[in-house]
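Note sheet for the following structure.
Nothing in this text is a laboratory measurement; each read-out follows from the coordinates by a stated rule. Keep in mind that this is a model prediction, so the values were computed, not measured. Heads up, the Cβs are rebuilt from the backbone with ideal geometry, glycines too, and the neighbour counts pull from every protein chain shown.
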Amino acid sequence: MFVQEIDKKIEAFKSEIEKLEAERAAQAKKLEGFTAFENDIQKVCRDFGVSREELFLSQGDYIVDWVKSLSKLGERPEVYNELKAYFARVIAREGTTRKSPAKKANKGPKLEVGTYKNPKTGEKIEKIKRNPKTLDEWIKEHGFETVRGWKV
C-alpha cells in the first residue's frame, strides 16, 4: 500500500519535471529570439546609419501605447514600475523648479497698504496686497523711495 502511494507520487513528480523541462526549453528559445532580435537591431543601425536613439524615437508612439497598455494589466511587469517611479521623480523635480522662479519674483522692499498718487500724472493706485502693475512700473521709473513718498 505504501509503495503504491510512493509510486504515484514519483509519477506525479516525473510529470511535473517534464512540464518544467519543457518550460525551460521554451524560455531558452525565447532568450535565443531576444538575442537574435538585438543582433538584428544592431545590424539595421550599422547598415542604415541609424542610431539606437533614432530607432527608438521613430517607434515612440508604439512605445507609449505599449507602456499605457502595461498599466491595464493586473500584474504589471517590473519595467512599468521602474518607469512609473522614474517619471514620478522627474515630475517632483520639475514641480520644485517651477516654484523657484515665483519665489525669485520678489521685487525687494514692499510698499505699505494704501493709496498712492503720481504727482506728475495725477493717477491714483490703491495697493491692497501685491503691488499693481502700474505701481511696479512707477517704482522702476522713479525709484522705490520716491514712490513711497507718494502715499496719500
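For residue 30, the aspartates and glutamates whose Cα comes closer than 13 Å to its Cα, not counting residues fewer than 8 places off in the same chain, are 38.
Taking K and R as +1 and D and E as -1, what net charge do the other residues with C-beta under 15 Å from the C-beta of residue 58 add up to? Local charge sum for residue 58: -3. The lysines within cross-link reach of residue 84, meaning a Cα-to-Cα straight distance under 18 Å and a gap of 8 or more places when in the same chain, are 68, 72. From the square roots a ≥ b ≥ c of the eigenvalues of the alpha-carbon gyration tensor of the range 1-57, which class results: rounded (a/c under 1.5), prolate (a/b over b/c), or oblate? It comes out prolate by the Cα gyration axes.
So, with +1 on the Cβ of K and R and -1 on the Cβ of D and E, and no other charges, what is the size of the charge dipole of the chain about its Cα centre, to the nearest 20 debye? Please list the in-between numbers first.
Values: 32 positive and 26 negative charges, 386 e Å.
Around 1860 debye, computed over the chain.
Between 134, 77, 150, the Cα set farthest toward the positive side of the dipole of the chain (charges on each charged residue's Cβ, about the Cα centre) is that of 150. Here residue 29 is the anchor, and the lysines within straight C-alpha reach of less than 26 Å, apart from those fewer than 8 places off in the same chain, are 14, 19, 43. Its alpha carbons give the chain an Rg and a Dmax of 35.3, 115 Å. Taking every full run of DSSP H in the chain, none both stretches at least 24 Å from end to end by Cα along its long axis and averages 1.6 or higher on the Kyte-Doolittle scale. Just tell me the longest site-free run in the chain, where the sites are GluC sites (Glu not before Pro) in a DSSP loop having at most 16 other beta-carbon atoms within 10 Å. In the chain, the maximal stretch lacking such sites is 1-74.
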